[in-house]
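Here is the structure we will look at, set down as structure tokens.
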Amino acid sequence: MTYFADLSSPQVAALADGSRVPVLLLPVGAIEPHGPHAPLGTDPLISRGMCERAAERLAADDDVHVLVLPEVPYGVTRFAAGFAGGVHIGEETLHSLLVDIGSALIGQRLKRILLVNNHFEPAHLVTLRRAVETLNFAYDGRVALLDLVRRRHAERLTEEFRSGECHAGRYETSLVLADRPELVDQAVMRELPHVPVSLAAAPEDGGFLAMGMTGAYCGRPAEATAEEGSETFSTLTDLLVEAIRELARE
């Protein structure tokens, strides 16, 4: 089975004593505008797609037992203010939610939890990192975050991702096209001009409008393809599988 919530209670109780090391994946994202062409749930969709692919790749592995937890789709998303559809939750709310989820699992001897995130607003990332620290130091967890903005990970992803012009641009739109093409308005997508705004240079108190993202996107979404999305998902899955194996060794 791939999904933690599909297990029965006795099956969960048996995980910690199994011959394979259980590693639980928690997809994280945010509900926020992704241009006039892509779905609000782009970020959790990508996180979930990564987790499903990694779990499938490791389904027959002799050493690790990978399960996908129900996703946390809400995040810190102040940058989206001024556009319809954004659902912001505060840092303390997100931190408390993640710590409560993690501590509940750690209390059942399921200590290895890997957060898989695709929402890169600075305050959101800081909160995820803080939640991981809390769970490891206060609850004796083996919790980690696959932090895609770290240089060693980012350098393996696309040029647009590395440039920071990746909110609802070619990078993210390609990933959605690979998994849920019916959610992308491709007629609108093909008419969108390049918006040369880098989120890497975004001020902490900024926002899409203040940065010049008048359409709630940056980069080149018109160039997105499902083929690129599939290739990027393969790379993302490689990164996630490596992180899973590293966590399983701890």
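The values are calculated or read from the model by the stated rules, or taken from the named source; none is laboratory data. Quick caveat, the model's predicted, so the values are computed rather than measured. Here Cβ is always computed from backbone atoms with ideal geometry, including for glycine, and neighbour counts include all displayed protein chains. Surface areas here come from the heavy atoms of the whole protein model, side chains and all, with no ligands, DNA or RNA. Shrake-Rupley method; radii C 1.70, N 1.55, O 1.52, S 1.80 Å.
Does the range 148-160 hold any residues that are touching a residue at least 60 places away in the same chain (Cβ under 8 Å), more than 23 Å from VAL66 (Cα to Cα) and not in a loop (DSSP other than H, G, I, E, B), and which are they?
Across the range 148-160, the qualifying residue is only GLU160.
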**Item:** Given (1) open to solvent by less than 60 Å² (accessible area, probe 1.4 Å); (2) modelled with pLDDT of 95 or more; (3) among the aliphatic types (A, V, I, L, M), index of the condition ALA202 fails
**Value:** (2)
**Message:** Which count do you get for residues in the range 1-53 that are over 18 Å from SER174 (Cβ atoms), among the hydroxyl-bearing types (Ser, Thr, Tyr) and touching a helix residue (DSSP H, G or I) at 6+ places or on another chain (Cβ under 7 Å)?
**Reply:** 1
**Residue tally, condition at pLDDT 95 or above and surrounded by fewer than 14 Cβ atoms within 10 Å (Cβ to Cβ), over the range 236-250** = 2
**Asked** Quick one: what pairs do we get from the range 118-147, first residue assigned to a helix (DSSP H, G or I), second among the charged types (D, E, K, R) and open to solvent by 70 Å² or more (accessible area, probe 1.4 Å), C-beta under 6 Å, 6+ apart or different chains?
**Response** PRO122/GLU204
**Counted residues, the range 207-229 - those being within 15 Å of GLY164 (Cβ to Cβ) and either hydroxyl-bearing (Ser, Thr, Tyr) or in a loop (DSSP other than H, G, I, E, B) (or both)** = 7
**Item:** Search result, residues across the range 210-250 that are closer than 17 Å to HIS37 by Cα and not hydroxyl-bearing (Ser, Thr, Tyr)
**Value:** MET213, GLY215, ALA216, CYS218, GLY219, ARG220, PRO221, ALA222, GLU223, ALA224, ALA226, GLY229
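Go through the residues of the range 169-177 one by one and say whether even a single one is closer than 16 Å to ASP43 by Cα, touching a residue at least 12 places away in the same chain (Cβ under 8 Å) and of a type in the set (S, T, N, Q).
The first filter runs over the range 169-177 and keeps only residues closer than 16 Å to ASP43 by Cα, leaving 169-177.
With the extra rule that they be touching a residue at least 12 places away in the same chain (Cβ under 8 Å), the set shrinks to 169-177.
Narrowing the set further to residues that are of a type in the set (S, T, N, Q) leaves 173-174.
Within the range 169-177, one or more residues are closer than 16 Å to ASP43 by Cα, touching a residue at least 12 places away in the same chain (Cβ under 8 Å) and of a type in the set (S, T, N, Q).
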**Item:** Subset of the range 111-127 [open to solvent by less than 30 Å² (accessible area, probe 1.4 Å) and touching a strand residue (DSSP E or B) at 6+ places or on another chain (Cβ under 6 Å)]
**Value:** ILE113, LEU114, LEU115, VAL116, ASN117, HIS119, HIS124
**Prompt:** Which members of the range 54-102 meet the condition of being in contact with a Phe, Trp or Tyr (Cβ under 6 Å, 6 or more places away or on another chain), under 26 Å from ILE244 (Cα atoms) and not in a loop (DSSP other than H, G, I, E, B)?
**Reply:** LEU67, VAL68
**Request:** Could you list, in sequence order, all residues of the range 6-39 that are out of contact with any Gly (no Cβ under 7 Å at 6 or more places or on another chain), open to solvent by 30 Å² or more (accessible area, probe 1.4 Å), more than 21 Å from ARG142 (Cβ to Cβ) and touching a residue at least 60 places away in the same chain (Cβ under 8 Å)?
**Result:** none
**Top-ranked residue of the range 167-187 - restricted to ones that are under 12 Å from HIS34 (Cβ atoms) and aliphatic (A, V, I, L, M), ranked as most open to solvent (accessible area, probe 1.4 Å)** = LEU183
**Lone qualifier among GLU231, GLU223 - being over 18 Å from the mean Cα position of the chain (by Cα), of a type in the set (D, E, K, R) and open to solvent by 50 Å² or more (accessible area, probe 1.4 Å)** = GLU223
